[in-house]
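As structure tokens, the structure follows; a few thoughts come after it.
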Amino acid sequence: MSSFINAMQNHHLNDFFQNSLFSSLPASFFTHLRPTPLPSPYLVAFSEKMANEHSVLFNRFQETEAVEIFSGNKIPFTANPLASVYSGHQFGVWAGQLGDGRAILLGDTINKYQQRFEVQLKGAGATPYSRSGDGRAVLRSSIREFLCSEAMHALRIPTSRALCITGSDQYVFREQPETAAVVTRLAPSFIRFGSFEHWYYNRRHDDLKILADFVIEHYFPHCRDEHNPYQALLIDITRKTAELMAHWQSVGFMHGVMNTDNMSILGITLDYGPFGFMEAFNDSHICNHTDQQGRYSYKMQPSVGNWNLHALGQAMLPLIGSVEETQIALSGYSTCFVAQWESLLRSKFGFSIAHESDKQLGEDFFSLMQASHADFTLSFRQLSHLENEISPKDDALLDLFIDRESLKAWLQRYRKRLALEDSKTETRQVSMLTSNPKYILRNYLAQNAIEKAQKKDFSEIAKLLSILENPFDEQIEHEEYAKLPPDWAKDLEVSCSS
Ligand code: AMP
Ligand code: MG
């Protein structure tokens, strides 16, 4: 904890919680309100990295005061908190009005790279958009969101970030009683596809235009000069979303609830719920046990990204002006996805140039992982350690597969492919080891940290965070955290309840 205080004291006093840009929108976009105080809050976890990046944010407070602020109990005088309204399609069905039902935007902050971030408290109490929810988040899901946000950032995947978790002994009821927590999370903007859909389905095209103009002005200023700025905006969102989907697929990340209200217009990973990382590879894997149809399974994610963009395109139609121009904007999706996916795969396989045989070779490796239910992360990590010539080191990879003979045959083809570009073992290994992580947030690792935290031992969260902040490093002393999940972890289920 002392480093939390240090991180807060070390830096110059500067702007703190500027009024959010978002609050410059008309009053119909949000409701100003104060968070509901969290009884006797305490610090559960914080990211020193984030505290340092946002030094200007933290220097003013002692720990007690910071805990009060990040629990929503004390409002900095420069903040004017609000909850925003949006709508969305959930599991393919129009769900009508939603909104920040438990997240409250405190204000904006500028980090030390002069980037502006919105600061939200998730779990800070009910809002006019809570419907029947209690406005709270449980400690379990808060720990998962906190760790995964920072893990994804370290994997170089666009994401909202997390600064800290505060907890309380107050009970909230889900499938069972659990204690409440608040995650402080940051993103340049939390505007969603569903924010656009909200005004479209309410036939408020004036507000739809205000939202689009706001998004262009602050996040896509280059679109202003295009002949159809709204079409240019949709082209950019399409590209960013396609790239995000390719990134998710490349590390086996499954979001679990890709509803349009959880899709960021900036193409960042948003709203961590029943997410999971692929372990034993199965492209039909469903990480959210509430999703019985597998709409959001691993293999569906790229096409759902496209489906969600079409929902956004529909909402932007009145601005873009024609079905044809909207369609043109959306049609860039598969090209962008494939380009990003192929580039990520080249890095994962250690190829420095593209070759026509790569597609088949890559697909065959995925089929082998599927047939053997080989661990996704370890398979690519062991492939990275391989020598360019057959060697005893092959065993570490072969041991992950049931069908060793088929993998051996594949390895022969792989080595021939490497020879085509005069690949050198050492340079290839170095580059592959920075593309294929050793450490991911496995469900059982999160579960261990959660169970300790539920007994007020928060040390495992801090330890896991420090490991996941450097997912490509060997960290020999933490070898245990890179191992296959234990047997008990096979029954772990993650639901929407959070
Ligand atoms: P999610 O699927 O978690 O993104 O949530 C869908 C919608 O339900 C969002 O508008 C959330 O703000 C809202 N929501 C989820 N959990 C709660 C809760 N405990 N209290 C109030 N609103 C909630
Ligand atoms: Mg959500």
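Taking amide H positions as modeled 1.01 Å from N, with prolines and chain starts lacking one, the residues under 5 Å from residue 162 and 5 or more places away or on another chain are 150, 186. Treating r as the C-beta distance of residue 218 and residue 113 and R0 as 22 Å, the FRET efficiency rounds to 0.85.
What shape does the range 194-343 take by its C-alpha gyration tensor, where a ≥ b ≥ c are the square roots of the eigenvalues and a/c under 1.5 counts as rounded, a/b above b/c as prolate, and the rest as oblate?
Taking the square roots of the gyration eigenvalues as a ≥ b ≥ c, the range 194-343 is prolate.
Around the amide H of residue 192, modelled in the peptide plane, lie the amide H atoms of 265, all under 5 Å away and 5 or more residues distant in sequence or on another chain. Based on C-alpha pairs under 8 angstrom that are at least 6 apart in sequence, the range 351-433 has a relative contact order of 40 percent. Close amide H contacts of residue 172 (hydrogens built in the peptide plane, cut-off under 5 Å, sequence separation of 5 or more or a different chain): 178, 179, 180.
Report relative contact order for the range 278-390 in percent, whole number only (criteria: Cα-Cα under 8 Å, sequence separation at least 6).
Values: 66 pairs, mean separation 42.0, N = 113.
Reported as a whole number, the value is 37 percent.
Packing around the peptides 78-90, 172-184, taken as the average count of other Cβ atoms within 10 Å per residue, puts them in this order, highest first: 78-90, 172-184. 3J(HN,Hα) couplings calculated from phi for the range 331-336 with the Karplus curve 6.51 cos²θ - 1.76 cosθ + 1.60 (θ = phi - 60°) are, in sequence order, 5, x, 4, 5, 4, 5 Hz; Gly and Pro show x. Given their separation in residues at 0.36 nm each and the Cα-Cα distance between them, residue 489 and residue 474 gain 3.0 nm when the chain is fully extended. Our coupling estimate for the range 250-263, obtained by passing each phi through the Karplus curve with A = 6.51, B = -1.76, C = 1.60 and θ = phi - 60°, is 6, 10, x, 7, 10, 6, x, 9, 7, 6, 5, 7, 10, 9 Hz, Gly and Pro reported as x.
Compute the FRET efficiency between residue 97 and residue 65 as 1/(1 + (r/R0)^6), taking r as their Cβ-Cβ distance and R0 = 25 Å, and round to the nearest 0.05. Computed FRET efficiency for residue 97 and residue 65: 0.10. With both labels modelled 7 Å from their Cα along Cα-to-Cβ, the residue 408 to residue 77 distance reads 7.6 nm.
For the pair residue 282 and residue 455, what calculated FRET efficiency results from E = 1/(1 + (r/R0)^6), where r is the Cβ-Cβ distance and R0 = 25 Å, to the nearest 0.05?
For residue 455 and residue 282, the calculated efficiency is 0.15.
Dividing the summed helix terms, -39500 (n - 2.57) for each DSSP H run of n ≥ 4, by the number of residues in the chain produces a 222 nm estimate of -13000 deg cm²/dmol to the nearest 500. Other residues whose C-beta falls under 14 angstrom from the C-beta of residue 126 contribute a net charge of +3, scoring Lys and Arg +1 and Asp and Glu -1.
Between Rg and the Kirkwood Rh of the range 351-433, both from Cα atoms, what is the Rg to Rh ratio? The partial results should precede the final answer.
On the way: Rg = 12.0 Å, Rh = 13.0 Å.
For the range 351-433, the value is 0.93.
For the range 441-448, backbone phi angles converted through the Karplus equation (6.51, -1.76, 1.60; θ = phi - 60°) give residue-by-residue couplings of 7, 5, 3, 6, 5, 4, 4, 4 Hz, Gly and Pro being listed as x.
May I ask you to compute the full-extension gain from residue 497 to residue 323, defined as 0.36 nm times their residue separation minus their alpha-carbon distance, rounded to one decimal in nm? Write out the running numbers ahead of the final one.
On the way: separation 174, 0.36 × 174 = 62.64 nm, distance 3.83 nm.
Taking 0.36 nm per residue and subtracting the Cα distance, the gain is 58.8 nm.
Kirkwood radius for the chain, taken over all pairs of different Cα atoms as the inverse mean of 1/r, rounds to 23.7 Å.
Under a model in which nothing but the beta-carbon of Lys, Arg (+1) and Asp, Glu (-1) is charged, the chain shows a dipole of about 540 debye around its Cα centre. Neighbours of residue 371, meaning other residues whose beta-carbon lies under 13 angstrom from its beta-carbon, give a summed charge of -4 when Lys and Arg score +1 and Asp and Glu score -1.
Stretching residue 171 away from residue 431 to a fully extended chain increases their span by 88.8 nm, per 0.36 nm per residue minus the current alpha-carbon distance.
What is the range 93-142's relative contact order, in percent, from Cα pairs under 8 angstrom and six or more apart in sequence? Walk me through the intermediate numbers first.
Values: 78 pairs, mean separation 18.6, N = 50.
With pairs under 8 Å counted, the relative contact order is 37 percent.
Each reported figure results from applying straightforward, stated rules to the coordinates on display, with no laboratory input. Note that the structure is a prediction, hence the values are computed from the model and not measured. Backbone-built Cβ (ideal geometry, glycine too); neighbour counts: all protein chains shown.
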